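Just below is one structure, and these are the notes that go with it.
The values are calculated or read from the model by the stated rules, or taken from the named source; none is laboratory data. These numbers were taken from a predicted model, which means no experiment stands behind them. Virtual Cβ from ideal backbone geometry, glycine too; neighbours counted across all protein chains shown.
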Amino acid sequence: MTLKVGVIGTGMIGRDHIRRLTEVVSGAEVVAVNDANEVSAKEVASGLPNATVHATGEDLIADDRVDAVIVCSWGPTHEQYVLASIAAGKPVFCEKPLATTTEACRNIIDAEVASGKRLVQVGFMRRYDAPYRALKRAIDSGAVGAPLIYYSGHRNPSVPEHYTKDMAIVDTAVHDFDVTRWLLGEELTTIRVQAAKPNSHGGELQDPLLMTLETERGVLVQVETSVNIRYGYDIRGEVVGEDGTAALADTGQVVLRTSNSVGVRVPEDWRERFIAAYDVEFQEWINEVVAGTGLTGPSSWDGYAAQVVCDAGVKALYSGERVQIELATKPGLYS
């Protein structure tokens, strides 16, 4: 069976996913597209043999040819399209964020629970990255003993002019929050955000930030965001356990020793660093939707939990205080 997919949002990430679905992974065909910019949608559809351009995202979801939906549109529109997909009984892959407010995330959870089955997957692609999966295996195996501290670093060479200090939490660190919950297998309970001496490359932006969080069982977590660090796109992760440590390996495949130095190549941006993870993410989603065995990837609950942490992080950023992270009771659907 070929999964017939409709894509809402044909901007940069939407086009990249369409390329992935048509040229890299197997088992899916893009049969419908929609974008607020009709010219963009028509341009993308012109390169797809059987794709229909829909005037609205809701029209695309209602199309009988569409088996599953991918939402890559502007964040504030995610709630309406995910809810429409649930109402139509169609699996929906939603790029992060699941929604831009905690209330919107709860609306999605309530609708999905009422449907009686998992239909939503959130695009937290780090869970599909080979180094992160190796790190999780090391933690779960007990090789380093019980985790005590987890360090997470998210470094960008630069960010666009529209980037705000809030985005360091809700757009950048959100990935670190999700992957921390996944790696450690527990929720985050408190957060404090401190701004370091500003990087002169960032203008008036508060950068870098250092966030200190705690988990349910008392693991201490530190998340660093440095988004104007110039040297490259560098993702860090290390768990300190009772019996040792485990860390993400440098991403370079070759260690070069020359001119009295040792080095590995640092990726240029997020596409280069996580391109394989995106491929694995979509292939596994397609396989699970086609098999009908249920989704196992990041859930609506994961999207909600990440948003709650982000909201608490923004509050901590502005208040300078340690803020409690308060989650609702987790529905059994996500256990």
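Data for the structure
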| quantity | calculated |
| --- | --- |
| Condition broken by Trp182, with the remaining ones in (1) under 18 Å from Arg322 (Cβ atoms); (2) surrounded by fewer than 18 Cβ atoms within 10 Å (Cβ to Cβ); (3) modelled with pLDDT of 95 or more satisfied | (1) |
| Qualifying residue in segment 187-198 (condition: part of a helix (DSSP H, G or I) and either among the hydrophobic types (A, V, I, L, M, F, W, C) or on the phi < 0 side of the Ramachandran plot (or both)) | no |
| Failed condition for Asp250, given (1) assigned to a loop (DSSP other than H, G, I, E, B); (2) over 22 Å from Ser141 (Cα atoms); (3) modelled with pLDDT under 90 | (2) |
| Total residues in segment 230-247, condition in a loop (DSSP other than H, G, I, E, B) and among the small types (Gly, Ala, Ser) | 2 |
| In segment 123-139, residue surrounded by the most Cβ atoms within 10 Å (Cβ to Cβ) [restricted to those that are among the aromatic types (Phe, Trp, Tyr) and at pLDDT 95 or above] | Phe124 |
| Restricting segment 145-164 to residues that are aromatic (Phe, Trp, Tyr) and not in a loop (DSSP other than H, G, I, E, B), the residue that is farthest from Glu242 (Cα to Cα) | Tyr151 |
| Scan of segment 62-101 for residues that are assigned to a loop (DSSP other than H, G, I, E, B) and within 17 Å of Trp301 (Cα to Cα), ordered by number | Pro91, Glu95, Lys96, Pro97, Leu98, Ala99, Thr100, Thr101 |
| Candidate set from segment 83-110 (those that are surrounded by fewer than 20 Cβ atoms within 10 Å (Cβ to Cβ) and over 20 Å from Leu60 (Cα atoms)); member that is farthest from the chain's Cα centre (by Cα) | Asp110 |
| Flag if Asp67 is farther than 27 Å from Glu272 by Cβ, touching a residue at least 60 places away in the same chain (Cβ under 8 Å) and either surrounded by fewer than 16 Cβ atoms within 10 Å (Cβ to Cβ) or among the acidic types (Asp, Glu) (or both) | yes |
| Contacts under 8 angstrom Cβ, first residue in segment 266-295 being free of Cβ contacts under 8 Å to residues at least 12 places away in the same chain, partner surrounded by fewer than 17 Cβ atoms within 10 Å (Cβ to Cβ), 6 or more apart | Glu288/Gly294; Glu288/Thr296 |
| Condition met for Val120 (among the hydrophobic types (A, V, I, L, M, F, W, C), in contact with a strand residue (DSSP E or B) (Cβ under 6 Å, 6 or more places away or on another chain) and buried (at least 20 other Cβ atoms within 10 Å of the Cβ)) | yes |
| Residue within segment 47-61 that is under 17 Å from the mean Cα position of the chain (by Cα) and not in a helix (DSSP H, G or I) present | no |
| Residue in segment 140-147 that is surrounded by fewer than 21 Cβ atoms within 10 Å (Cβ to Cβ), at pLDDT below 95 and within 30 Å of Tyr231 (Cα to Cα) present | no |
| Residue that is nearest to Leu188 (Cα to Cα), among those in segment 202-229 that are part of a loop (DSSP other than H, G, I, E, B) and hydrophobic (A, V, I, L, M, F, W, C) | Val219 |
| Top-ranked residue in segment 219-247 [being under 19 Å from the mean Cα position of the chain (by Cα) and hydroxyl-bearing (Ser, Thr, Tyr); ranked as surrounded by the most Cβ atoms within 10 Å (Cβ to Cβ)] | Thr225 |
| Within segment 155-174, considering residues that are closer than 15 Å to Ala312 by Cα and touching a residue at least 40 places away in the same chain (Cβ under 8 Å), the one surrounded by the fewest Cβ atoms within 10 Å (Cβ to Cβ) | Asp166 |
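Results for (1) closer than 17 Å to Gly9 by Cα; (2) among the aromatic types (Phe, Trp, Tyr), shown as yes or no for each residue.
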| residue | (1), (2) |
| --- | --- |
| Leu48 | yes, no |
| Ile61 | yes, no |
| Leu83 | yes, no |
| Ala88 | no, no |
| Cys94 | yes, no |
| Pro97 | yes, no |
| Val113 | no, no |
| Tyr128 | no, yes |
